[in-house]
Amino acid sequence: MIKAVVFDLDGTLLDRDSSLKLFIENQYKRYSDKLDHIPQSEYISRFIELDNKGYVWKDKVYQQLLSEYSVSNLTWEHMLDDYLSHFPNHCIPFANMEDVLKELKNRVILLGIITNGFTDFQWANIKALGIDEHIDTILVSEQEGIKKPQVEIFLRVLKRLNVKAEEAVYVGEDHPENDVLGARNAGMHAIWKKDVFGGQNFTDEHAVDDLKELLSSIDTFQKV
């Protein structure tokens with residue numbers, strides 16, 4: 001009997017790729033008087049490349065960008081502050097996210113989030129998506145002092161939801177080792193939301209392309 005579903009945030013509920021591209025476009029426009037010697041499309045593509053799906057924090061990204069393009073009238077600290085302040089305004093959810101969360105709640109299934117990242121920033125993104133009211137517990141790695149794929153963070157969410165590992169499903173996307181294998185090492189069921197990053201050589205019988213497929217996948221665990 002499945003009693004809880006726990007989600008990754010970036011790439012699973014939050015369409016981080018689309019959100020980041022929208023943010024960079026707007027940041028470029030805000031600072032166009034200082035960045036106009038760089039073609040916008042080039043600035044955006046280089047930012048995304050350096051960001052490496054969020055695995056490189058933005059202090060390093062901005063330091064590299066400003067150095068490469070010889071931008072002397074902006075500091076990386078200023079640009080980082082701008083990112084922290086404005087990115088949540090550009091958060092885009094994946095299609096069907098709200099409907100799936102509501103349906104799970106209608107089924108009286110507990111909901112959780114485990115996300116690696118900085119506490120205030122991830123909470124701002126969760127609130128920007130308007131999903132905090134649907135989620136029963138949220139674990140952010142900075143606040144917890146541990147991160148995926150460490151088994152302890154998965155065991156911690158089970159304890160807070162008061163469910164057994166076999167009663168919970170974890171849904172994650174951006175890194176199969178962090179999400180799918182990390183959850184299974186804790187004894188949880190896991191569903192991989194497919195993505196090419198980090199998963200080119202990864203296949204799994206429990207995988208979905210879209211959140212709308214999640215409900216039927218969870219039903220398969222109910223029958224076990």
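Quick one: Kirkwood hydrodynamic radius for the chain, alpha-carbon pairs, angstrom, one decimal? Spell out each step's value before the answer.
Numbers: mean 1/r = 0.0544 Å⁻¹.
About 18.4 Å for the chain.
Just to be sure I understand the model, the point goes 7 Å from the Cα along the line to the Cβ. What's the resulting GLU177 to SER67 distance in nm?
Distance between label points: 2.6 nm.
Would you check the accessible area of ARG16, probe 1.4 Å, heavy atoms only, in square angstrom rounded to 10?
The accessible area of ARG16 comes to roughly 20 Å².
Which of rounded, prolate, oblate describes region 133-178, given a ≥ b ≥ c as roots of the alpha-carbon gyration tensor eigenvalues and a/c under 1.5 marking rounded, otherwise prolate only if a/b is larger than b/c? Could you put the intermediate results ahead of the total?
Numbers: a/c = 1.36, a/b = 1.18, b/c = 1.15.
Rounded.
Per 0.36 nm of contour for each residue apart, how much would the distance between LYS53 and ASP36 grow if the chain were fully extended, relative to their Cα-Cα spacing?
Values: separation 17, 0.36 × 17 = 6.12 nm, distance 2.54 nm.
Roughly 3.6 nm would be gained on extension.
Output wanted: per-residue J couplings in Hz (rounded whole) for region 127-140, from phi through Karplus 6.51 cos²θ - 1.76 cosθ + 1.60, θ = phi - 60°, x for Gly and Pro.
5, 5, 6, x, 10, 4, 6, 8, 9, 7, 8, 10, 10, 10
Summing -39500 (n - 2.57) over the DSSP H runs of n ≥ 4 in the chain and dividing by its residue number, what mean residue ellipticity at 222 nm do you reach, to the nearest 500 deg cm²/dmol?
On the way: 11 runs with 102 residues, N = 224.
Calculated at 222 nm, the ellipticity per residue is -13000 deg cm²/dmol.
Pull up all non-local amide H partners of TYR170: gap of 5 or more, or a different chain, and H-to-H distance under 5 Å with H placed in the peptide plane.
Counting only residues 5 or more places away or on other chains, the set is VAL6, HIS189, ALA190, ILE191.
What FRET efficiency comes out for LYS127 versus HIS206 if R0 is 22 angstrom and r is the Cβ-Cβ distance? Round to the nearest 0.05. Present the calculation step by step, with values, prior to reporting the outcome.
On the way: r = 30 Å, r/R0 = 1.35.
The pair LYS127/HIS206 has a calculated efficiency of 0.15.
Normalised by the residues of the chain, what does the relative contact order come to in percent, with Cα pairs under 8 Å and at least six apart?
On the way: 334 pairs, mean separation 56.8, N = 224.
Contact order relative to length: 25 percent.
Leaving out ligands and nucleic acids, note down the accessible area per residue over the chain with a 1.4 angstrom probe, in whole Å². Before the final figure, lay out each step's value.
Numbers: 10650 Å² over 224 residues.
Counting only protein heavy atoms, the per-residue value for the chain is 48 Å².
Would you list TYR62, TYR55 from the most to the least accessible area, probe 1.4 Å? Intermediate values should be presented prior to the final figure.
Details: TYR62 0, TYR55 100 Å².
Result of the area sort, largest leading: TYR55, TYR62.
Would you grab the residues whose amide H sits under 5 Å from the one on ASP136? Only those 5+ places off in sequence or on another chain, please, with H modelled 1.01 Å from N.
Hits under the 5 Å cutoff: LEU111, GLY112.
Compute the helix-to-body angle for 151-161: its Cα long axis versus the longest principal axis of the chain, expressed 0 to 90° and rounded to tens.
That works out to roughly 60 degrees.
Of all accessible surface on the chain at a 1.4 Å probe, what whole percent is carbon and sulfur?
On the way: 5030 of 10650 Å².
Carbon plus sulfur share of accessible area: 47 percent.
Would you mind checking which residues have amide H under 5 Å from VAL208's amide H? H placed 1.01 Å from N; only 5 or more apart, or other chain.
For VAL208, whose amide H was placed from the backbone, the distant partners under 5 Å are TRP192, LYS193, LYS194.
Remind me, relative contact order of region 109-165 in percent, using alpha carbon pairs under 8 angstrom and six or more residues apart? Mind showing how you got there, number by number?
Numbers: 66 pairs, mean separation 22.8, N = 57.
Dividing the mean separation by the residue count of region 109-165 yields 40 percent.
Measure nothing fancy, just the Cα-based angle from helix 40-51's long axis to the longest principal axis of the chain, in degrees from 0 to 90, nearest 10.
50 degrees
Computed over the Cα atoms of region 27-160, what is the convex hull's projected area averaged over all directions, in nm²? It would help to have the intermediate numbers written out before the result.
Working: hull surface 37.9 nm².
Its Cα hull, projected and averaged over all orientations, spans 9.5 nm².
Treating the Cα atoms of region 86-158 as identical point scatterers in vacuum, please give the log10 of the normalised Debye intensity I(q)/I(0) at q = 0.21, 0.25, 0.27 Å⁻¹, two decimals.
Evaluating at q = 0.21, 0.25, 0.27 Å⁻¹ gives log10 I(q)/I(0) of -1.00, -1.19, -1.23.
Quick one: of the DSSP bridges fully inside the chain, what percent are antiparallel, nearest 5? Could the numbers behind the result be given before it?
On the way: 1 of 20 bridges.
Antiparallel bridges: around 5 percent, rounded to the nearest 5.
The values are calculated or read from the model by the stated rules, or taken from the named source; none is laboratory data. It should be emphasised that the depicted structure is a prediction, and the values quoted were computed from it without experimental measurement. Note that we place each Cβ from the backbone using ideal geometry, even for glycine, and neighbour counts take in every protein chain shown. For the accessible areas, the whole protein counts, side chains as well, though only heavy atoms, and no ligand, DNA or RNA atoms are used. Shrake-Rupley method; radii C 1.70, N 1.55, O 1.52, S 1.80 Å.
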